Number of protein chains: 2
Amino acid sequence: MSLSNEFLLDSKRRVESVLDRLIPGPEKRPGNLHEAMRYSLMAGGKRLRPALCYAAFEDCGGQGDAADFGAAALEMVHTFSLIHDDLPCMDDDDFRRGMPTCHKKFGEAMAVLAGDALSILAFQILAQAGSAEAVDLLARALGSDGMLGGQVVDIESEGSPPVLEVVEYIHIHKTSALIEASLELGALLAGASSERRTLYREYGRCIGLAFQIVDDILDIEASTETLGKDAGSDQERQKATWPAVVGLEKSKAEAARLVSRAVELCSQMGSRGPVLAELARFIVERGN
Amino acid sequence: MSLSNEFLLDSKRRVESVLDRLIPGPEKRPGNLHEAMRYSLMAGGKRLRPALCYAAFEDCGGQGDAADFGAAALEMVHTFSLIHDDLPCMDDDDFRRGMPTCHKKFGEAMAVLAGDALSILAFQILAQAGSAEAVDLLARALGSDGMLGGQVVDIESEGSPPVLEVVEYIHIHKTSALIEASLELGALLAGASSERRTLYREYGRCIGLAFQIVDDILDIEASTETLGKDAGSDQERQKATWPAVVGLEKSKAEAARLVSRAVELCSQMGSRGPVLAELARFIVERGN
């Protein structure tokens, strides 16, 4: 097993055990809400954002369990965004990771509230870790100048001919912002200087953007079976994607360029540099 | 003009000017999201929660502008809860304060995202004020063991014959939790001890519960014109209300008892005790 695969699996196990501890069970009122939160949070996934947080934390010499709070908060807000994104009034998706989406399983009202509750719990956990700076960092990555901004522009651009500047805005905000924040949060929780944090943020920007471009490419190329969602759905909806603007070949070249740059940055890192370099490569290769 | 009216007006002016500074204008991308956030946030209202925050802050001898951050955050999360509560999958309300609700004006997707963004911005602002403890306090009041818990149980109880224990759970969580938090946040931001904060929390519990019971009573008694929303709508939906369980007269007596207790607690307070006592009385009298 490769270094990064092992790291991903370890991080996944670790954050899932933290999440299991942090979300109340269905026996605690309101049981249905806790069940809906757990259902979406425990539906699997690679747990990439927690892994990036752990990697940056360790790379900066962080000790103790502070990164567990960061990793759990990141997975909670990521899940919050997926739940709300899947709603009928948004992407209207019935399946996610091969399972019914939260609103298909628990109804729309519960899905709205489960997303809300996960987002709020994420901030609570970071606050309990004692770091107002961590709360600020995550909130910036999520808010109207971060992920939510990207979602709004994504929705608004649907149906219009895509323009590169807009696609780039969407990808950077909708996807990169939280990936950058995952790395910076790890570094911050390890006590790294703001100068040092810039390195991880830049690496995060590269892999976040590459990740989304590869996602666009996969949507065109992959089969429904591999992705666990309707392939080609972006095209059908005239979504603002990278290939729609510059074509498939140039999209692949741009993703490769971004990954190279990310790998280059890893040479300035510490003990986790090799893992982060492998994770960067893993992103472009996941489609093969 | 009475003491409490003057205080409410001053607080309203103060928090509205803070909010105006904190929410980007529609000229900043994503313009529609900022417009939707502003639309609901600036739609008026008494700004009761900010006023309670300012009052507790001053009563505890707080100095400087820390309470402005608390007050703004409180109004943001209150508005977030109203926007999501009004959604078609929730209460499905077309009007709020005599104006079209956020989703009627901007569409459902934008209303979901505007609510999300307001909640996130509230935490960001408290974090920027430098207080992780304040973030924790607000998150607890909002999450699955706070306001959202109350909303879930409220939705689930609809259509079943109401039971007092459940109605009390709903009212305490859905309404009181944020009112208690408003007062405690003011005290916390002023640097009050946790012992001292208990006094404001208890006062908040009394007026919060009284506020919701009076709301239930008004829903039955008031005309549509006075309330700016459909009167009698709770009854139509078999909502879990206080009068539905114990009747109108006993509900009025309970509201009066809670207000008396709140006024009694004000005698242990400082310079803002008289204003808080008047605010408590104002709550039961607003229907007349």
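Laboratory data are not the source of any read-out in this text; all were calculated from the coordinates shown. Treat the numbers as computed from the prediction; the structure is a model and nothing was measured. Quick reminder, even Gly has a Cβ in these numbers, built from the backbone with ideal geometry, and neighbours come from all protein chains shown.
Binning all Cα-Cα separations of the stretch A:3-285 at 5 Å, short to long from zero, yields these whole-percent fractions: 1, 6, 12, 17, 19, 18, 14, 9, 4, 1, 0.
Label sites at B:R286 and B:S267, each approximated as a point 7 angstrom past Cα along Cα to Cβ, lie 2.7 nm apart. Taking label points 7 Å from Cα along the Cα-to-Cβ direction, A:E221 and A:S17 give a separation of 3.7 nm. What is the log10 of I(q)/I(0) for the stretch A:1-127, computed with the Debye formula using one identical point scatterer on each Cα and no solvent, at q = 0.10, 0.14, 0.18 Å⁻¹? The Cα Debye sum returns log10 ratios of -0.32, -0.61, -0.94.
Label-point distances for A:M42 to the equivalent site in the other copies, using a point 7 angstrom along Cα→C-beta, read 4.6 nm when ranked shortest first.
Positive end of the dipole of the stretch B:3-285 (Cβ unit charges, origin at the Cα centre): among B:P243, B:A117, B:G273, the Cα lying farthest that way belongs to B:G273.
Estimated purely from DSSP H runs of n ≥ 4, each contributing -39500 (n - 2.57), the mean residue ellipticity at 222 nm for chain A is -22500 deg cm²/dmol once divided by its residues. Applying 1/(1 + (r/R0)^6) with R0 = 30 Å to the Cβ-Cβ distance of B:S260 and B:D94 gives a FRET efficiency near 0.20. Using a Gaussian network model of chain A in which every pair of alpha carbons under 10 angstrom is joined by a spring, one finds that among A:M90, A:M110, A:M37 the greatest mean-square fluctuation is at A:M90. Residues of chain B were split at every exposed loop site, defined as trypsin sites (Lys or Arg not before Pro) in a DSSP loop with at most 15 other C-beta atoms within 10 angstrom, and the longest piece left, sites excluded, is B:98-236.
Applying 1/(1 + (r/R0)^6) with R0 = 22 Å to the Cβ-Cβ distance of B:A253 and B:K46 gives a FRET efficiency near 0.35. The mean sequence separation of alpha-carbon pairs under 8 Å and at least six residues apart, normalised by the residue count of chain A, gives a relative contact order of 21 percent.
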